[in-house]
Every structure is written in C-alpha cells, then in structure tokens.
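> Below: one structure in structure tokens.
No value in this document is a laboratory result; all are computed from the given coordinates. This structure is a prediction, so every number in the text was calculated from the model and none was measured. Cβ sites come from the backbone with ideal geometry, for glycine too, and all protein chains shown count toward neighbours.
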Amino acid sequence: MNKTDALIIGAGPTGLFTAHQLKLIGLNCEVVDNLDKIGGQCIELYPDKPIYDIPAVPECTGEELTNNLINQLKPFDIKFHLNERVDELKKENENWIVKTNSGTIFQTPNVIIAGGVGSFEPRKFPVKECEKFENKSIFYSIKDKKTFEGKNITIFGGGDSALDWAVELSKNSKVNLVHRRDDFRGAQSTVDKVHQLAKDGKINLFTKYQMNSIKGNDQLESIDIKSDDKEIKTIKTDYVLGFFGLIMQLGPIANWGLNINKKTIEVDTEKFETNQKGIYAVGDICNYPGKLKLILSGFHEGALAARACFKLARPNEKYRFEFTTSSKTIKDRLGVKGD
Amino acid sequence: MFSHTCPIFLQHYIQLMAKITYITHDNQNHTIEVQNGLTVMEGAVQNDIPGIDADCGGGMACATCHVYVNDEWFDKISSKEDGEEDMLDMAFEPKKNSRLSCQIIVSDELDGLTVNIPSKQG
C-alpha cells in the first residue's frame, strides 16, 4: 500500500504542474497515467505542434512544454506510475483507497483528477462482433509476437504501428495488410519496404478495403473486407490486429459517483473539489461557470486544488502562503540557496 | 461621408451567417445558423449538437469531429489539407465523403450545407 498526501491521476501539463505546487507547499504526491510516457495530450496528440498561449512563453511545442514541466519537477522526488489506469476508488474513514489495473493500491486523503478528456485507449473496429474475439484473436497491441508465429495474420491500419508490425510479422507468418486507401501515413522507408514485400509475395496488400464482418464461433475463422465499390473479399485468418491510434475515453472515472456533465466533472472554483470530499478535478476534465479549456487555466486550478489538499493531509497544521522569491522553506525544498 | 461608411459600420451588427444542417445518426435534423468564419465543428459544439466530440478542440489531432458530407456539397468545400486524410484513417467508419468538421470553415458559399454525423466518434 502506497501512502501519500495526494494522488494525481493524469501526467499531462496540468497534472505535472499540480505535482509541482503540492511539493512546493510541502506535501508529497504520486502520479498515475495510462500512457507509457509523461505529457498527456501534449505528447500523444500534438508533440510537434506549436502552442502560442502559455504565459511568458511566446511559442513552444507540446513536447517542449512537457520537457520544461518535467525539468521544473527535477528538485522533487515524485513517483510516476505509467501504463497504469486507476480503476477503483473507495472511501475508507478519512482516506481514499485507490486501485489501478495493475494492482497498485494507494491510500490518500486527496485524489486530484487531471485526466484531460479521459484515458487514452486503442480505437477499435466498428464491427460489433469483434468484441467477443478481443484479446483472444483480435488485438489492438502486441505483447508477445511469438503468439503469431506460423499463423495467418491480418493487420488493419496505415500508420507506423501497422506497417512496422506487417514487416516484422511477415518474417515468420503469413501477413495480410488491409488499409482504407492507397496512401500510407507511416515513414516512407517502411512504406517502401511493405511495397517490396508485397511484390515478393511476403505480404498480401489490400488497399481501399475496410473490415465488413467477422466469422467464427469460439475460434475466429475468417473475415470479410469490403472495398469502396462494395466488393467483398473473404480472408481466412487466425488473428486480426487493428492499429487505428488512440482515443480518449472517460473510462472508470464515470463510476466514482461524481457529478459528470458531458464528459466533464463539476467542481467549485475555490478548491476545485468535486461533490466528493477530497476528490478534486483540474484541467480539461473539470467544469464550472466560465471554464476555459486552456493549459493556463489548468495551472491555476492545480495551484488552488493543491492548497485545498493541505487541509486534509495536515489537519493539525495551518497553511501559510509564501512566495518562492522570498521563502526560505520553499527554497530549501527546491534545493536552491537563499540570498 | 456617413453614407459611405455606414455599410461597413453596420457589418459589425449584422453577423454573416450560413445555415448548416446536422443530421444525427438517428435521423434528427438540426438546422442552425453558424457565423461565417467559424468551423462546422464549432457550430455543432456551440449549439450542443450531439455526436460531435471534438476532443482535441479543432487541432486536427483526434478525428472525433468526423462527419459525412453529401455529394452535392463535397466538391464545394475546400479540399483536405495535409494530415486530414491521415487523421481520417483513425475515424470510426470512414467513407469516401468523410471530412473532419473542424476543417470546414463556414462561409456564404456553404449556406445550406448538410452534414451527417456518424453513429460514434470512436
């Protein structure tokens, strides 16, 4: 059991700066994120896109912003739990008991949800019957490529994941690659390699086709793919892999008894607390009159939520407001010399 | 002089709008007036049209404002920029007439535009 003063859900810009604010006022915290890296939407959706409305930063990319926020956390010791999604939240006396899908358990009086639009999950096939084969013969990521050795594999998608796996798996399996158009968006060198392998008969390429239906009872037997001109082809296949990128889903947050309105959580504007004591929501996921979905608003919300956490984490102490320019205590926490 | 400046002056009061019709998956028609210069996505979000999520807020980074554009309108809309087709690869049930509504900017020419919203955004 990990005991901490505050648990932050989401390692995007808002979560990172909230962690900074907590550490600055002397509270400890841990951060959980479902992605395999720090940065949230900034790193997953627009790492190279310039942002122009961060105060005092005329221009920076999503990746630069993330790196600067990570640098700002350097003086502090903060544990990140990546690749983990918070699934359960239960009240136990004065604390929240929080469980992730990997089995990590936290005990904390404060939970700050900085979850953006939810957690990033793989996009799935629109065909409903695919659900029943999911994680048996239909996969959206690969954990052990040995599973596919010597089998018939059908890969859907046109980006780097689809192409890289088509190339890799074609070494030991029969690979079909299906994509909705002729152009691929993956790296040109990989696209060239796929075309060469298709020419050599190592990959069967089906472009301008999409998944239409799926056949099989317990075991996947075949799939039908349909072209833009409504022509249908049947492919015998043991496994199907879909690589359509990630989408944000609210996920388990919806089950925690919070006031949710249009995928956002209602909070007050003093503590950014939800209808549950000790649970706060900051950044894009929170909602209140006048809410702006700006990174700068997330910073403000995190700063205030952090102060609210102090009361529950240190019930017998009084929080004292201090400036980083003048406070010796804060400078000690930052590891910088006072003047 | 006044008569010369008056029409320009008035433009600040008369906002130029175009009628856009959003048809949801369950065949509900929503016709609304959207201000010129806004995107078809913004028109939907600001008027609470269901079925357009626009998770990334219009950055062409998420494919959750996906719509189908009727044939008669498809060619009248400015063509896709680099990257839009890439994002449409990830959309839910993309078709030939798929567009990201954040990339369609409302103007007089689009008065009467009809778009169909898919059953899901992802």
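> Shape verdict for the range A:124-244, please, from the Cα gyration tensor: rounded (a/c under 1.5), prolate (a/b greater than b/c) or oblate. Kindly include the intermediate steps, with their values, before the conclusion.
Details: a/c = 1.61, a/b = 1.21, b/c = 1.33.
It comes out oblate by the Cα gyration axes.
> Would you mind giving the mean number of other chain beta-carbons within 10 Å of the Cβ of each residue in B:46-58, as a whole number? Walk me through the numbers before you get to the answer.
Details: counts 0, 0, 1, 0, 1, 0, 0, 5, 1, 10, 6, 6, 0.
Going residue by residue through B:46-58 and averaging, the value is 2.
> Okay, next question. Mind running the shape call on chain A? Use the C-alpha gyration tensor, a ≥ b ≥ c as the square roots of the eigenvalues: rounded below 1.5 for a/c, prolate if a/b tops b/c, oblate otherwise.
prolate
> When the dipole is taken about the Cα centre of the protein assembly as shown, and only Lys, Arg (+1) and Asp, Glu (-1) are charged at their Cβ, what size is it in debye, to the nearest 20? Don't skip to the end; give the middle numbers.
Working: 55 positive and 65 negative charges, 287 e Å.
Roughly 1380 debye, rounded to the nearest 20.
> Mind checking which of A:Lys143, A:Lys328, A:Lys226 has the largest fluctuation in a GNM of chain A, springs on alpha carbons under 10 Å?
A:Lys143
> I need the calculated FRET efficiency for the pair B:Asn70 and A:Lys226, taking r as the beta carbon distance and R₀ as 30 Å, to the nearest 0.05. Each step should come with its number before you reach the end.
Values: r = 21 Å, r/R0 = 0.71.
My answer for the efficiency is 0.90.
> Also, quick follow-up: Would you mind checking A:Lys151/A:Lys208; A:Lys145/A:Lys202; A:Lys263/B:Lys120; A:Lys23/A:Lys328; B:Lys19/B:Lys96 for any pair whose Cα atoms are more than 19 angstrom apart?
On the way: A:Lys151/A:Lys208 24 Å; A:Lys145/A:Lys202 17 Å; A:Lys263/B:Lys120 15 Å; A:Lys23/A:Lys328 15 Å; B:Lys19/B:Lys96 24 Å.
Over 19 Å apart, Cα to Cα: A:Lys151/A:Lys208; B:Lys19/B:Lys96.
> Under 1.5 on a/c is rounded, so check that first for the range B:16-116, then, if it is not, pick prolate when a/b is larger than b/c and oblate when it is not; a ≥ b ≥ c are the square roots of the alpha carbon gyration tensor eigenvalues. Don't jump to the answer; show the numbers that get you there.
Values: a/c = 1.36, a/b = 1.26, b/c = 1.08.
Rounded.
> Using θ = phi - 60° and the Karplus relation 6.51 cos²θ - 1.76 cosθ + 1.60, list the HN-Hα couplings for the range A:237-246 in order, rounded to whole Hz, with x at every Gly or Pro.
Once θ is set to phi - 60°, the couplings for the range A:237-246 become 8, 8, 9, 10, 10, x, 10, 10, x, 10 Hz.
> For the residues A:Arg181, A:Arg320, B:Arg99, what sequence is obtained by ranking on other C-beta atoms within 10 Å, fewest first? Walk me through the numbers before you get to the answer.
Working: A:Arg181 18, A:Arg320 9, B:Arg99 24.
Lowest count first: A:Arg320, A:Arg181, B:Arg99.
> So what's the angle, to the nearest 10 degrees on a 0 to 90 scale, between helix A:62-72 and the longest Cα principal axis of chain A?
Roughly 40 degrees, rounded to the nearest 10.
> I'd like the mean, over residues of A:44-52, of how many other protein chain beta carbons sit within 10 Å of each residue's own Cβ. Mind dumping the intermediate values first?
Values: counts 2, 7, 5, 0, 0, 4, 0, 1, 0.
Mean number of neighbouring Cβ atoms from other chains: 2.
> For each of A:Tyr288, A:Tyr209, A:Tyr52, count neighbouring Cβ atoms within 10 Å of the residue's Cβ, then give the residues from fewest to most. If you can, show how the numbers build up before the last one.
Numbers: A:Tyr288 14, A:Tyr209 22, A:Tyr52 8.
Taking fewest neighbouring Cβ atoms as first place, the list is A:Tyr52, A:Tyr288, A:Tyr209.
> Would you calculate a helix-derived [θ] at 222 nm for chain A, using -39,500 (n - 2.57) for each DSSP H run of n ≥ 4 and dividing by the full residue count, to the nearest 500?
Details: 8 runs with 80 residues, N = 339.
Here the helix-only value at 222 nm equals -7000 deg cm²/dmol.
> So in the range B:16-116, what percent of DSSP beta bridges are antiparallel if you round to the nearest 5? Mind showing how you got there, number by number?
Numbers: 13 of 17 bridges.
Of those bridges, close to 75 percent are antiparallel.
> Quick one: compute the contact order of chain A, relative version, from alpha carbon pairs under 8 angstrom and 6+ residues apart, as a percent.
Contact order relative to length: 20 percent.
> Further, regarding this structure: Just rank A:His300, A:His20, B:His66, fewest to most, by other beta-carbon atoms within 10 angstrom. Kindly include the intermediate steps, with their values, before the conclusion.
Details: A:His300 16, A:His20 20, B:His66 30.
Lowest to highest Cβ neighbour count: A:His300, A:His20, B:His66.
> If you don't mind, there's one more thing I want to ask. Label 7 Å along Cα→Cβ of A:Lys91; the range A:241-270 residues with amide nitrogen under 15 Å?
A:256-259
> Please report the antiparallel percentage of DSSP beta bridges with both residues in the protein assembly as shown, rounded to the nearest 5.
On the way: 45 of 85 bridges.
Counting only bridges with both partners in the protein assembly as shown, antiparallel ones make up about 55 percent.
> What does the structure give for A:118-129 when I average, per residue, the other chain Cβ atoms found within 10 Å of the residue Cβ? The partial results should precede the final answer.
On the way: counts 1, 0, 0, 1, 1, 8, 3, 2, 8, 1, 0, 0.
Mean number of neighbouring Cβ atoms from other chains: 2.
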